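The structure appears right after this line, and notes come after that.
The values are calculated or read from the model by the stated rules, or taken from the named source; none is laboratory data. Computed from a predicted structure; not experimentally measured. Positions of Cβ are generated from backbone atoms using ideal geometry, with glycine treated the same way; all protein chains shown enter the neighbour counts.
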Amino acid sequence: MNASRPASADFARGLAGVVAGQTAISSLEGTLRYRGYAIEPLAAAGDFEDVAYLLLYGELPTRSEHVAFQGRIAAAARTVDEAVIDALARLAAREPHASPMDALRTGVSMLGQVARDDAPGTRADLLARSERLIGQVPALLAAWIDLTAGRAVAPWPDGPIAAALLARLTGRTPPPEHVAIFGTTLVLYAEHEFNASTFAARTVASTGSDLHSAVTAAIGALKGPLHGGANERVLELLGEIGSAERVEPWLHEQFAAKRVVMGFGHRVYKDGDVRATLLGAMCRAMVRGTPAESLEQLADRVERMMLDRKSLRPNLDWPAARVYHALGLPVKVFTPIFVVARMSGWTAHVIEQVGDNRLIRPTSIYAGPAPRDYVAIAARGD
Ligand SMILES: CC(C)(COP(=O)(O)OP(=O)(O)OC[C@H]1O[C@@H](n2cnc3c(N)ncnc32)[C@H](O)[C@@H]1OP(=O)(O)O)[C@@H](O)C(=O)NCCC(=O)NCCS
């Protein structure tokens, strides 16, 4: 037997609990920390560019570095290659109901092609490409929404990503309190250690492939409902339940059918997700006294029952979906907004992986048929 293969039949399904590497980008012990900074003050500040810079460069920016970084991100958002927009326009005309996640995955892949990104390059190259992607991806999302609505692509507004993207997606200048909580969601979604999409990005990067290929794979991984796709399912399920009295029968149905309830549970956080606690409190405060409050009461009842019956607590997608809904955003952009935010974490991880690379290539235990003789096609019958 090859020396690198496991001798026993033991393995961790879904790699649960497996330590797959080291990272200096974030840690989940105690509370979530980005580069050593606790998530609580970062979330309260809600400054996405500050956090994106921290994740990429390892330190918080000075005021002038912050201004320059924000300027480069906004410039990237304003200069998305026309060839990519044209191709998306053709796709939007043909498939206006296609998922914006597919549009982002395709768009990022095309950006890599027009940028001729076909190798990791130096650390400086990777940082420059990362910054461009962090700016271009929200612009691609806004462009796709315009194109599928049959509108010309509107210009990208000035200012930080949170304000600009919210304005582009809602079609109006958002009030400062909306920008603040939207910025907080971007900060909370920005980075989360070795989750499935980040691990996908690192795996692609570990083969010596380029940054755009790595994040294209990550977008595909994030789309799944067990990962980023959960935030869209959360709002759908709240709509399906409809009223507080329906919570109990609806949950019983899910439990009886052994269906997972989206927005609850987490592979790593078994005693609750700090991000959900932080954003849940902000969400409740934001909607107090507004028509959205009734949805909060319903959500609160689901939360209590999930804890009582299943000992399961909400993850970040649970409050994020309600915040996005309260901000007037359509469900189809919820997971793409997660992409916009996580682009910062993904690119930081690719840079880290490239900086100290070893091919990611685990092994498996064979569980198929016993060895058997090949039968030529002529001897196999009809
Ligand atoms: C996130 C998730 C994939 C983690 O999966 P995991 O680590 O494999 O979960 P576990 O194996 O520790 O789950 C333990 C038990 O709780 C159940 N469970 C976990 N999450 C559940 C949920 N959201 N609803 C109902 N039951 C759930 C599992 O079915 C399992 O039950 P069993 O022991 O009877 O088989 C899972 O919790 C889930 O599917 N959640 C819903 C999707 C979601 O919100 N994703 C976003 C994650 S940030």
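Going by the conditions given, is residue 338 buried (at least 21 other Cβ atoms within 10 Å of the Cβ), within 16 Å of the ligand (Cβ to nearest atom) and at pLDDT 95 or above?
yes
Conditions: (1) touching a residue at least 24 places away in the same chain (Cβ under 8 Å); (2) assigned by TED's automatic domain parsing to the domain that holds residue 252. Residue 311 meets all but one. Number of the miss?
(1)
Is it the case that some residue within segment 158-171 is charged (D, E, K, R), buried (at least 20 other Cβ atoms within 10 Å of the Cβ) and in contact with a His (Cβ under 6 Å, 6 or more places away or on another chain)?
no
Looking at the structure I just gave you, is residue 190 surrounded by 14 or more Cβ atoms within 10 Å (Cβ to Cβ), near the ligand (Cβ under 10 Å from one of its atoms), in the same structural domain as residue 132 (by TED's automatic domain parsing) and of a type in the set (A, V, I, L, M)?
It is false that residue 190 is surrounded by 14 or more Cβ atoms within 10 Å (Cβ to Cβ), near the ligand (Cβ under 10 Å from one of its atoms), in the same structural domain as residue 132 (by TED's automatic domain parsing) and of a type in the set (A, V, I, L, M).
Checking residue 30 against (1) modelled with pLDDT under 95; (2) buried (at least 20 other Cβ atoms within 10 Å of the Cβ): exactly one of these is not met. Which one?
Tallying (1) modelled with pLDDT under 95; (2) buried (at least 20 other Cβ atoms within 10 Å of the Cβ), residue 30 fails exactly one: (2).
Please work out which residue is farthest from residue 19 (Cα to Cα), limiting yourself to segment 231-248 and to residues that are more than 8 Å from the ligand (Cβ to nearest atom) and among the hydrophobic types (A, V, I, L, M, F, W, C).
The residue in question is 244.
Could you check residue 208 against (1) over 22 Å from residue 321 (Cα atoms); (2) buried (at least 19 other Cβ atoms within 10 Å of the Cβ) and say which number it fails?
The failed condition is (2).
Being more than 12 Å from the ligand (Cβ to nearest atom), surrounded by 14 or more Cβ atoms within 10 Å (Cβ to Cβ) and over 23 Å from the mean Cα position of the chain (by Cα) is the filter here, so list the residues in segment 249-283 that pass it.
250
Go through segment 206-218 and give me each residue that's away from the ligand (no atom under 16 Å from the Cβ) and in a helix (DSSP H, G or I).
206, 211, 212, 213, 214, 215, 216, 217
If residue 198 satisfies all but one of (1) near the ligand (Cβ under 9 Å from one of its atoms); (2) surrounded by 15 or more Cβ atoms within 10 Å (Cβ to Cβ), what's the number of the condition it fails?
That leaves (1) as the condition not met.
Every residue, every condition in (1) free of Cβ contacts under 8 Å to residues at least 60 places away in the same chain; (2) hydrophobic (A, V, I, L, M, F, W, C); (3) under 19 Å from residue 55 (Cα atoms), yes or no:
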residue: 138; (1), (2), (3): no, no, yes
residue: 160; (1), (2), (3): no, no, yes
residue: 163; (1), (2), (3): yes, yes, no
residue: 171; (1), (2), (3): yes, no, no
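Of all residues in segment 32-71 being within 19 Å of residue 198 (Cβ to Cβ) and among the β-branched types (Val, Ile, Thr), which is nearest to the chain's Cα centre (by Cα)?
If we take residues in segment 32-71 being within 19 Å of residue 198 (Cβ to Cβ) and among the β-branched types (Val, Ile, Thr), then 51 is nearest to the chain's Cα centre (by Cα).
Answer yes or no as to whether residue 203 is assigned to a helix (DSSP H, G or I), of a type in the set (Ser, Thr, Tyr) and crowded, with 21+ Cβ neighbours inside 10 Å.
Against the criterion (assigned to a helix (DSSP H, G or I), of a type in the set (Ser, Thr, Tyr) and crowded, with 21+ Cβ neighbours inside 10 Å), residue 203 does not qualify.
Within segment 245-267, how many residues turn out to be in a helix (DSSP H, G or I) and among the hydrophobic types (A, V, I, L, M, F, W, C)? If you could, list the steps in order and put the result at the bottom.
First pass over segment 245-267, keeping only residues in a helix (DSSP H, G or I): 245-256.
The next check asks that each one be among the hydrophobic types (A, V, I, L, M, F, W, C); those that pass are 247, 250-251, 255-256.
Within segment 245-267, residues that are in a helix (DSSP H, G or I) and among the hydrophobic types (A, V, I, L, M, F, W, C) number 5.
Given the conditions (1) farther than 20 Å from residue 164 by Cα; (2) crowded, with 18+ Cβ neighbours inside 10 Å; (3) not acidic (Asp, Glu), report the number of the one that residue 304 does not fulfil.
All conditions pass for residue 304, except number (2).
Could you tell me how many of the residues in segment 341-364 are away from the ligand (no atom under 15 Å from the Cβ) and either of a type in the set (S, T, N, Q) or surrounded by 24 or more Cβ atoms within 10 Å (Cβ to Cβ) (or both)?
Summing the residues that are away from the ligand (no atom under 15 Å from the Cβ) and either of a type in the set (S, T, N, Q) or surrounded by 24 or more Cβ atoms within 10 Å (Cβ to Cβ) (or both) in segment 341-364 gives 11.
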